[in-house]
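**Student:** To start, I am sharing the structure in question, which I have written as C-alpha cells.
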Amino acid sequence: MKFSIPRLALAAAASAALLAAPAAFAFDADAAKALAKENDCFKCHAVDKTKKGPSYKKVADKYKGKEAEAFEKIRKNITTGPKVKLEDGTEEDHKIINTKDEAQLKNLMQWILAQ
C-alpha cells in the first residue's frame with residue numbers, strides 16, 4: 001500500500017509551521033554581531049566561552065523559557081549600564097550600547113537569546 005500526501009496539504013503544513021515559529025528566531029545575526037563588535041561586547045563576552053562576562057550561550061540557557069524576563073534584564077544591562085558581577089566575582093559598570101534604535105536593540109537581544 002502506497003501512502004501519499006497531496007502536495008498542497010504538505011505545502012500548507014510547512015507554511016503553517018513557519019508562520020507559527022516564535023518571533024525570537026526572526027533576527028539578523030550579521031547585524032547583531034556587527035553591533036556587538038562596534039560596542040566592544042566581545043571584549044567581555046563570547047558566544048560559547050566564558051571571558052570576563054558570561055558567554056551568550058550561558059545567558060541564553062539561563063533565560064530559556066523566560067523570554068520576558070530575559071528581555072527586561074538584558075535591556076537594562078545594555079541601555080542603563082548598571083553594576084554587574086563578573087565571572088571572577090568583581091563588579092563593574094556594564095557598557096551601554098551606542099544606539100537608540102529599538103529594532104537594533106531587539107535584534108541584538110534576540111540574537112543573544114538564540115545562542
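The values are calculated or read from the model by the stated rules, or taken from the named source; none is laboratory data. If you're wondering where the values come from, they're calculated on a predicted model, not measured in any experiment. Note that we place each Cβ from the backbone using ideal geometry, even for glycine, and neighbour counts take in every protein chain shown. Accessible surface is based on the protein model in full, side chains and every heavy atom, while ligands, DNA and RNA are left aside. Shrake-Rupley method; radii C 1.70, N 1.55, O 1.52, S 1.80 Å.
**Student:** Using modelled amide H (1.01 Å from N, peptide plane; none on Pro or chain starts), what sits under 5 Å from the amide H of GLU92, excluding residues fewer than 5 places away?
**Tutor:** VAL84, LEU86
**Student:** Can you work out the Karplus-derived ³J(HN,Hα) for every residue in region 64-78? Use 6.51 cos²θ - 1.76 cosθ + 1.60 with θ = phi - 60°, whole Hz, and x for glycine or proline.
**Tutor:** Per-residue couplings from phi come out as 4, x, 10, 4, 4, 5, 4, 4, 4, 5, 5, 4, 4, 5, 8 Hz.
**Student:** Can you work out the Karplus-derived ³J(HN,Hα) for every residue in region 92-109? Use 6.51 cos²θ - 1.76 cosθ + 1.60 with θ = phi - 60°, whole Hz, and x for glycine or proline.
**Tutor:** Residue by residue, region 92-109 yields 7, 6, 6, 5, 8, 5, 8, 7, 10, 6, 4, 5, 5, 4, 4, 4, 4, 5 Hz.
**Student:** Same structure, new question: Any chance you could run the full-extension gain for LYS33 through LYS73? It's 0.36 nm times the residue separation minus the Cα-Cα distance, nm to one decimal.
**Tutor:** Gain on extension, LYS33 to LYS73, equals 12.5 nm.
**Student:** Carbon-plus-sulfur fraction of the accessible area of region 43-115, 1.4 Å probe, in percent?
**Tutor:** Summing carbon and sulfur atoms, their accessible area is 50 percent of the total for region 43-115.
**Student:** Let me ask something else. Ranked highest first by the average count of other Cβ atoms within 10 Å around their residues, in what order do 100-106, 55-61 fall?
**Tutor:** 55-61, 100-106
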